[in-house]
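I have placed the structure first, in the form of structure tokens, so that the comments after it can refer back to it.
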Amino acid sequence: MSSSLPAGFESVPQVRRPRWGKIAVQVLVVLVVVLALWSVTARGMVQYGPDRPSEADAFARVTSCERVGPISRGGIGIYWFCTADVTTEDGTIRSARFELNELTPADIGKPVPVEGSRTFRRAAEKRLVWWSIAPGIGFFVGLAAWAELHRRKRLRHRTEPWQATVRLASPTCVLAAGTGPGGGRESRKIVPTEWSAQRYWRLAGSIMVPGAVSAIAGSLAGSGDARKILTAVGLMCLAAPIWLVAFTPRWYRTSEYATAVTISADGFGWYRRGQTTFMLDWTEVAEVRLTTIDHDGLVLRVIDLFLMDPAPGRRGELRGLWQLGAELGTHRLPGEKGAYRLPEAFSAAAARQVREAMAVYQPNRFRMFTAELEEATVTA
């Protein structure tokens, strides 16, 4: 199964162990950035201009102020929470608590115009200053730019032949080809990194449990500020099944950015934005093979295409996939002799969808294999 040919111009399929140290650093950086953006935005939102007595519905007189910080709902910084007696137009006096820096000790002893009927806010000019939103915009723009550069770097053209360090041993056919083409119509689009329902709910549950704890703690908290913060965090975590959809491959499957396999009654296609894209008619495809390699707790699933005319170079868009290798942990695997390998590792959910689609459209061209690694150096 070894090959002396270069691996071409694509990234190879790879499965690696989680790098927990790197993940911890990334989480820490994200927390610091989010806290910094939160702090800057909150500081901009408490910038008040001149009062507008002509638009006031009532007047407030500060009775007490509480200093909060250095960490509060305003992020990092020192703020004031003040309570005041509000005299409405009909002469009724009500006690009200105002938001961050809405009232300060500097307002003690003087009437402050406020708006509202049941809840009150200071009747003052309030503009969202540019420096409070610019960092957030810059962060998301920078994140998008980094993601694009990272993608291009990961998919950069290779200049050296792929040197395998192990070889596959004991390949076993676990699903032989069926008989005759299927009767399916239309097409199916499959994202290689598709999440299974189990993985989705496992991740959602791990977020929802702390959220429930936070919400309960918020309902029992004596401090109004702590109650609002804990409740807000709890509700955000409990909503994980909703916002987590945005991070799943299923959400962007129909997007033009999605790396995907297309299987239809007409043929087999592959799309990766900015890289190899092709569509093969079934008359060109001899076999679609799904191979699963399970080694040392890691599982790699790859798809190899065997064509009727396997000679490389006949289809320029396929040249980079000729006998492409793969990575499993620290091992470099050889490519399948005489095959074009899709440059992506497939999740269990995606592999199952490929199997189901091939059973519908072309069961006679689909086979599944399992294989083991043999710890022996493969020479080019």
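One table, with the values for the structure above:
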read-out	value
Among (1) within 17 Å of Val40 (Cα to Cα); (2) open to solvent by less than 20 Å² (accessible area, probe 1.4 Å); (3) without any contact (Cβ under 8 Å) to a residue 60 or more places away in the chain, the one test that Ser72 misses	(3)
Residue list for the stretch 98-128, filter: open to solvent by less than 40 Å² (accessible area, probe 1.4 Å) and part of a loop (DSSP other than H, G, I, E, B)	Phe98, Leu100, Asn101, Glu102, Leu103, Thr104, Gly116, Phe120, Ala123
Test for Ser64: is it open to solvent by less than 80 Å² (accessible area, probe 1.4 Å) and within 30 Å of Leu342 (Cβ to Cβ)	no
Residue that is farthest from Trp131 (Cα to Cα) [pool: residues in the stretch 30-70 that are within 28 Å of the chain's Cα centre (by Cα) and β-branched (Val, Ile, Thr)]	Val30
Residue identified as crowded, with 19+ Cβ neighbours inside 10 Å, out of contact with any Phe, Trp or Tyr (no Cβ under 9 Å at 6 or more places or on another chain) and not in a strand (DSSP E or B) among Ser132, Ser54	Ser132
Hits in the stretch 49-66 (condition: in contact (Cβ under 8 Å) with a residue 12 or more places away in the chain, more than 15 Å from Cys82 (Cα to Cα) and not hydrophobic (A, V, I, L, M, F, W, C))	Gly49, Pro50, Asp51, Arg52, Pro53, Glu55, Asp57
The stretch 313-368 - residue that is aromatic (Phe, Trp, Tyr) and part of a strand (DSSP E or B) and, of those, most open to solvent (accessible area, probe 1.4 Å)	Trp322
Subset tally (residues that are among the small types (Gly, Ala, Ser) and open to solvent by 50 Å² or more (accessible area, probe 1.4 Å)) for the stretch 261-302	2
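One line per residue, one yes/no per condition, for (1) open to solvent by 60 Å² or more (accessible area, probe 1.4 Å); (2) in contact (Cβ under 8 Å) with a residue 24 or more places away in the chain:
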{"position": "Arg167", "(1), (2)": "yes, yes"}
{"position": "Glu194", "(1), (2)": "no, yes"}
{"position": "Leu203", "(1), (2)": "yes, yes"}
{"position": "Pro210", "(1), (2)": "yes, yes"}
{"position": "Ala221", "(1), (2)": "no, no"}
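The values are calculated or read from the model by the stated rules, or taken from the named source; none is laboratory data. Source: prediction; values computed, not measured. When we count neighbours, we look across all protein chains shown, and the Cβ atoms used for this are built from the backbone with ideal geometry, even at glycine. The protein model used for the area step is the full one, side chains on, heavy atoms only, and it has no ligands, DNA or RNA in it. Shrake-Rupley method; radii C 1.70, N 1.55, O 1.52, S 1.80 Å.
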